[in-house]
Amino acid sequence: AAFSVPEEFKHKLDKPPSLKTAFEALTPGRQRAYLLYFSAPKQSKTREARIEKSMQQIFDGKGLND
């Protein structure tokens, strides 16, 4: 099942294309965990901050709790 991708993350995926590649290389469970985590905050600013903090982990091929 496809999960909704927060707007803020969509924008980030377009910037360094390598982020999209790295994210797509994660297991579906890891992708889902990130998307749920990124979508949770009500404020865009908070979602943005969570994405920024997680980018390196995504590049490293790690899940949210790895």
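Read the figures in this text as sums done on the coordinates, not as results from a lab. Remember, predicted model here, so these are calculated numbers, not experimental data. Backbone-built Cβ (ideal geometry, glycine too); neighbour counts: all protein chains shown.
In table form, for the structure just shown:
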item: Elements of type helices (runs of 4 or more DSSP H) contained in the stretch 4-50, each with 3 or more residues being farther than 17 Å from Gly63 by Cα; result: 7-14
item: Lys42 being surrounded by fewer than 15 Cβ atoms within 10 Å (Cβ to Cβ), among the charged types (D, E, K, R) and under 11 Å from the mean Cα position of the chain (by Cα); result: no
item: Matching entry among Ser54, Ser18, Ser44 (being small (Gly, Ala, Ser) and without any contact (Cβ under 8 Å) to a residue 24 or more places away in the chain); result: Ser54
